[in-house]
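No lab work stands behind these numbers, since they all come straight from the coordinates. This structure is a prediction, so every number in the text was calculated from the model and none was measured. Neighbour counts are summed over all protein chains in view; Cβ atoms, including those assigned to glycine, are modelled from backbone coordinates with ideal geometry.
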Amino acid sequence: MGSDGLYWFHHSLAYAMLEGAATVLEVPRQDLNVTVRAATGAGHEIVLYDAVPGGAGLVARLQEPDIFREVLSVAHGRVDQCRGCEPDASCYGCLRHYGNQFAHPRLQRGPVAAFLSEALAAW
Ligand SMILES: [Zn+2]
């Protein structure tokens, strides 16, 4: 995977985490936001944050290991079992939403499913 591929992989992973977090925290996805930014050495880091003023505290709950693992698990289920698209693509059932249209053609659920599967197995 080249650096460009890695860049979009991290976006795909970020959106899977966003959906997982919204489900686990029981809030609309719009209440959360995610961004992918350059990090020293490792390539990129995924930053999840509250989108609503005064919504502080939502994302802080993800620091609890049990909750974070549940987020990974829900995110995995979403990308692993999507019936709306092929593993090398994405759809509104897994990674796509209105706010990430710029990335739609580049989002792939398969590599994210594989990554999350390994992360959960190694937990
Ligand atoms: Zn899909």
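Assorted remarks:
- Any pair with Cβ under 7 angstrom, 6 or more apart, that starts in the range 54-77 at a residue that is part of a helix (DSSP H, G or I) and ends at one that is among the β-branched types (Val, Ile, Thr): 61/67; 62/71; 67/24; 70/24; 71/24; 74/23; 74/24
- Where residue 79 falls short, out of the listed (1) within 15 Å of residue 18 (Cα to Cα); (2) in contact with a strand residue (DSSP E or B) (Cβ under 9 Å, 6 or more places away or on another chain); (3) crowded, with 17+ Cβ neighbours inside 10 Å: (2)
- If you go through the range 82-117 and keep only what is surrounded by 14 or more Cβ atoms within 10 Å (Cβ to Cβ), within 13 Å of the ligand (Cβ to nearest atom) and either of a type in the set (A, V, I, L, M) or over 14 Å from the mean Cα position of the chain (by Cα) (or both), you end up with 82, 85, 87, 89, 95, 107, 112, 113.
- Neighbours by Cβ (under 8 Å, 6+ apart or cross-chain): first from the range 85-105, in contact (Cβ under 8 Å) with a residue 40 or more places away in the chain; second basic (Lys, Arg) and in a loop (DSSP other than H, G, I, E, B): 90/96
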